[in-house]
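Everything on this sheet refers to the single structure shown next.
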Amino acid sequence: MKEDCPARVVATPAALDLIDRLRREHGDLLFHQSGGCCDGSAPMCYPQGDFLIGDADVLLGEIGGAPFYIGAAQFDYWKHTQLVIDVVPGQGGMFSLENGSGLRFLTRSRIFSDSELAQLSSPASVGADPRH
């Protein structure tokens, strides 16, 4: 991907702090946003190896050194937006590592500008994610 190409997923400083804390406690992490009926806008955080990534999952990028995947159907809906991972007070998803911390991850989004979308669909960025 081109260096000046916008990231498809970013994290707020608060989210990065929680990711760091969870990594110290659980080791390497990964995130998955499936968009299933129960998931809502909350990405799930797992120890790497505890969640099997499938052929229908798209690697959007990394946040805090942890790979961030999204289901292909969700990617199709959200491909025009940048996902902004934040934390808010509350209970995390039942199987997500932040559960019990008093915080939960939350996905916010912003729509890419026309110029950002052009960068994301340029041939230089296609090699990084074949679904651009």
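Since every read-out is calculated from the coordinates, none of them should be taken as a lab result. Note that the structure is predicted; figures quoted are calculated from it, not measured. When we count neighbours, we look across all protein chains shown, and the Cβ atoms used for this are built from the backbone with ideal geometry, even at glycine.
Miscellaneous remarks
- Between I111 and D28, the modelled labels are 3.8 nm apart [label points 7 Å from Cα along Cα→Cβ].
- Each of R110, R24 was scored by other Cβ atoms within 10 Å of its Cβ. Arranged with the fewest first, they read R24, R110.
- Hydrodynamic analysis of segment 9-125 uses the Kirkwood radius over alpha carbon pairs. Inserted into Stokes-Einstein at 4 °C and 1.567 mPa s, it gives a translational diffusion coefficient of 89 µm²/s.
- Summing +1 for each Lys or Arg and -1 for each Asp or Glu among the other residues whose beta-carbon sits under 9 angstrom from that of T81 gives +3.
- Cβ-based exposure ranking for E25, E98, E62, in which fewest neighbours within 10 Å come first: E25, E62, E98
- Net charge in the neighbourhood of L16 (other residues with Cβ under 14 Å of its Cβ; Lys, Arg +1, Asp, Glu -1) is -2.
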